[in-house]
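The values are calculated or read from the model by the stated rules, or taken from the named source; none is laboratory data. The structure displayed is predicted, hence computed values, not measured ones. With ideal geometry, Cβ positions are generated from the backbone for all residues, glycine too; neighbour counts draw on all protein chains shown.
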Amino acid sequence: MLRVVRADERLAALTKPALQPTAQFRLQSDDCLIVCAGFEDRAMGVLGNAVAGGTDFAVLIIDYLPFMLENRLAEIRAVCRTASLRATEITYDRQNPAGFGSLLLERIAGVRGRTILDVSAMSRLLIVQSLVALNQRTSGPGLRNCVVAYAEAASYPPTEEEVEQELRQSGEDPLYSVLLLSSGVFDVTIVPELSCTAIGGTQTRLAAFPTFSTDQLTALRSELAPSRLTCIHGVPPSPQNQWRTAAIARINRLSLAPPENLLASTLDYRETFDFLLKLYDAHSDRERILLSPTGSKMQTVAVGLFRAFMDDVQIVYPTPKEFRSPKSYTQGVGQLYSLALDAFGHFPS
């Protein structure tokens, strides 16, 4: 008797491309770089590097709403103007993100070369929406001619000392809220294009990535009331930052013990991708899977690629209400990376 191989099984067997350190991005005149005007220094990293390559190319600038004075829109416009790049703009409203994927595809419909998606300053939900949309292109190459660009930060606040101080204070005062990055949740966002196409069972499993923003996981558990919770804890590649894994677990009052707690690199997206496939294989026949992309940027790339093919998984996102000072976020620009998605482009969706 013939057995139909499921999409997740075919994805598990796929040789997944590795993230490659990149010294110089060299774009051609028919390429398009999609860059976001966020407030982190690394919002300028890939664009600045590509401009130094000396070649004309197109740029699609994503401007964020709600407005933040610290966002790098004026700087990005100035770089594009000085380098005589063909720049256009599109707006992404964090608090009303539904339908952005379709708008993105409209704007890049005429691109004949590569689409380079710079995720460095993107919100997590935007990364997922963009990758899912790119995979759905019917008038172009889908993911076959798509590259993810990523700039690491030079430093990642908060410091270990700042976290320990917050933990001590929360231990002394049960009502004290640890607010290291953002505060509050505007909404647990569910956009139609990332909604689940299957009804699923009565049991639900939430897969989430704990962060220093404890409000996010709290809101997800409160609003969604999942039957089961699986946490994927990020492990930074740099030994000097690996204290963050246990600290985030402590702040969120979580264990690191398996099987409901998994450890995955914050940089090598393949570890997260493989965990998601195993999670789906183990639980999707009995539980409806809710997936919240609150991890690192490259862990979120894994979520986006996974959801691009597994449309019976529901994406949920706790949109932050307020950001602390941009100085509380990443600083500087570190190593640049590229990830060519051709292997996924040849995978049937």
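State whether the residues of the range 21-33 include one that is crowded, with 19+ Cβ neighbours inside 10 Å and among the acidic types (Asp, Glu). Checking the range 21-33: at least one residue is crowded, with 19+ Cβ neighbours inside 10 Å and among the acidic types (Asp, Glu).
Of all residues in the range 83-97, those satisfying the criterion of being touching a residue at least 60 places away in the same chain (Cβ under 8 Å) and not polar (S, T, N, Q) are 94, 97.
In this structure, does residue 292 turn out to be at negative phi, among the hydroxyl-bearing types (Ser, Thr, Tyr) and crowded, with 22+ Cβ neighbours inside 10 Å? The answer is yes for residue 292. I'm checking my understanding of the structure. Among residues of the range 59-81 that are of a type outside the set (A, V, I, L, M, F, W, C) and touching a residue at least 12 places away in the same chain (Cβ under 8 Å), which one is farthest from residue 37 (Cα to Cα)? So, considering only residues that are of a type outside the set (A, V, I, L, M, F, W, C) and touching a residue at least 12 places away in the same chain (Cβ under 8 Å), the one farthest from residue 37 (Cα to Cα) is 66.
Table: residues versus (1) in contact (Cβ under 8 Å) with a residue 12 or more places away in the chain; (2) surrounded by fewer than 21 Cβ atoms within 10 Å (Cβ to Cβ).
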position	(1), (2)
208	yes, no
213	yes, no
224	yes, yes
228	yes, yes
235	yes, yes
238	no, yes
241	yes, yes
244	yes, no
257	no, yes
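Within the range 31-44, track down each residue that is closer than 10 Å to residue 149 by Cα and more than 16 Å from the chain's Cα centre (by Cα). Matches in the range 31-44: 33 only.
Looking across the range 249-271, the residues that are within 12 Å of residue 208 (Cβ to Cβ) and either β-branched (Val, Ile, Thr) or in contact with a Ser or Thr (Cβ under 9 Å, 6 or more places away or on another chain) (or both) come down to 252, 260, 261, 262.
Considering the range 12-38, and only residues there that are assigned to a loop (DSSP other than H, G, I, E, B) and of a type in the set (A, V, I, L, M, F, W, C), the residue that is nearest to residue 104 (Cα to Cα) turns out to be 37. Quick check, is residue 248 touching a helix residue (DSSP H, G or I) at 6+ places or on another chain (Cβ under 7 Å) and buried (at least 19 other Cβ atoms within 10 Å of the Cβ)? Answer is no for this residue. Looking across the range 284-305, just one residue is of a type in the set (Asp, Glu) and either closer than 28 Å to residue 151 by Cα or touching a strand residue (DSSP E or B) at 6+ places or on another chain (Cβ under 8 Å) (or both), and that is 287. The residues listed here are 281, 311; of these, the one that is of a type outside the set (A, V, I, L, M), part of a helix (DSSP H, G or I) and touching a residue at least 60 places away in the same chain (Cβ under 8 Å) is 281. Evaluated against (1) at pLDDT 95 or above; (2) farther than 22 Å from residue 29 by Cα; (3) over 23 Å from the mean Cα position of the chain (by Cα); (4) crowded, with 18+ Cβ neighbours inside 10 Å, residue 163 falls short on exactly one condition, (1).
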